[in-house]
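Trainee: Please read through the structure below; I'll follow up with questions.
None of the figures in this text is laboratory data; all of them are computed from the coordinates on show. Quantities reported herein were computed from a predicted structural model and do not represent experimental measurements. Positions of Cβ are generated from backbone atoms using ideal geometry, with glycine treated the same way; all protein chains shown enter the neighbour counts.
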Amino acid sequence: MNKRDFLKNSVLAGTGIFATAMGTGHARSFLADDVPYTPALGGYHLDPLPYAYNALEPYIDEKTMKLHHDIHHQGYVTGLNKATDAVAAAIAANDYSLIKHWERELAFHGAGHFLHAIFWSIMGPSAGKRSAELDSAISRDFGSFDNFKKYFVASATAVEGSGWGILAYEPTAGKLVVLQAEKHSSLSQWTSIPLLVVDVWEHAYYLNYQNKRKDYVEAFFNVINWEEVSKRYELAMS
Ligand code: MN
């Protein structure tokens, strides 16, 4: 996969890395290469989880994973398809009277779909191993892995309302940054490439952790697949 494909698949869609994690051996674009775009279909689909629903227990329970993936994530895919179709219809009709609404829907459901696709792929029952390159970038930009973990947990825990904690590569300065996202799409640095994301919407943890978001974010570190995060870093740098 070259850098352009990586950006297309992982930044715009997230599904490329996801497909790799599933072992399908090829990246999928956000409009699947083998399916011609038709407005009626929207073009986005939900991949199955790359592991069993109970694979992350005891840290993230089976029921949460099933609800989260099958109901919540599917909702974003459906919403994104609907918004994509509506924008295509607006272009065809040259009627932009509702464009503000559809642009919001496009950003919200699009970011929701892409971040969830990354989220499933950067977790797993086996922790994998951080690459030497990612490790040294973490040390360079945060002092140490321990510093990074404390910073990431504090930042994700402090997201106001629903949102995400994100470790990203920011290519303008060439460094790693920890960011928050409110909902899915607000407070983004548009050039950053997400490497590690944690879903801190209540639907991601409420069954097991109730209001103890910090416990959930700390437990999340037990299910991170660092090999996948390292792969994302390598691709982002290439
Ligand atoms: Mn979620």
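Trainee: Taking 8 Å as the Cα distance limit and 6 or more residues as the minimum spacing, I'd like the relative contact order of segment 132-237 as a percentage. Provide the component values of the computation, followed by the final result.
Mentor: Working: 146 pairs, mean separation 27.1, N = 106.
The value is 26 percent.
Trainee: While we're here: Would you mind counting up the charge near Asn81? Only other residues with Cβ under 15 Å from its Cβ, with Lys and Arg at +1 and Asp and Glu at -1.
Mentor: On the way: positive: Lys82; negative: Asp47, Asp85, Glu105.
Residues near Asn81 contribute -2 overall.
Trainee: Please give the length that would be gained between Asn147 and His72 if that part of the chain were fully extended, namely 0.36 nm times their separation in residues minus their C-alpha to C-alpha distance (nm, one decimal).
Mentor: On the way: separation 75, 0.36 × 75 = 27.00 nm, distance 3.22 nm.
The span from Asn147 to His72 would gain 23.8 nm if fully extended.
Trainee: What is the projected area of the convex hull of the Cα atoms of segment 132-237, averaged over all directions, in nm²? It would help to have the intermediate numbers written out before the result.
Mentor: Details: hull surface 25.6 nm².
Hull-based average projected area comes out at 6.4 nm².
Trainee: If I model a spin label at Ala154 and Glu133 as a point 7 Å from the Cα along the Cα→Cβ vector, what separation in nanometres do I get?
Mentor: Using points 7 Å along Cα→Cβ, the separation is 3.0 nm.
Trainee: Kindly write out, for segment 132-149 in residue order, the coupling ³J(HN,Hα) from the Karplus curve 6.51 cos²θ - 1.76 cosθ + 1.60 (θ = phi - 60°), rounded to whole Hz, with x marking Gly and Pro.
Mentor: Along segment 132-149, the couplings run 4, 5, 5, 4, 6, 5, 4, 5, 4, 8, 10, x, 6, 5, 4, 4, 4, 4 Hz.
Trainee: Pull out the extension gain between His101 and Glu234, defined as 0.36 nm times the separation in residues minus the alpha carbon to alpha carbon distance; nm, one decimal. Walk me through the numbers before you get to the answer.
Mentor: Working: separation 133, 0.36 × 133 = 47.88 nm, distance 3.69 nm.
Here the answer is 44.2 nm.
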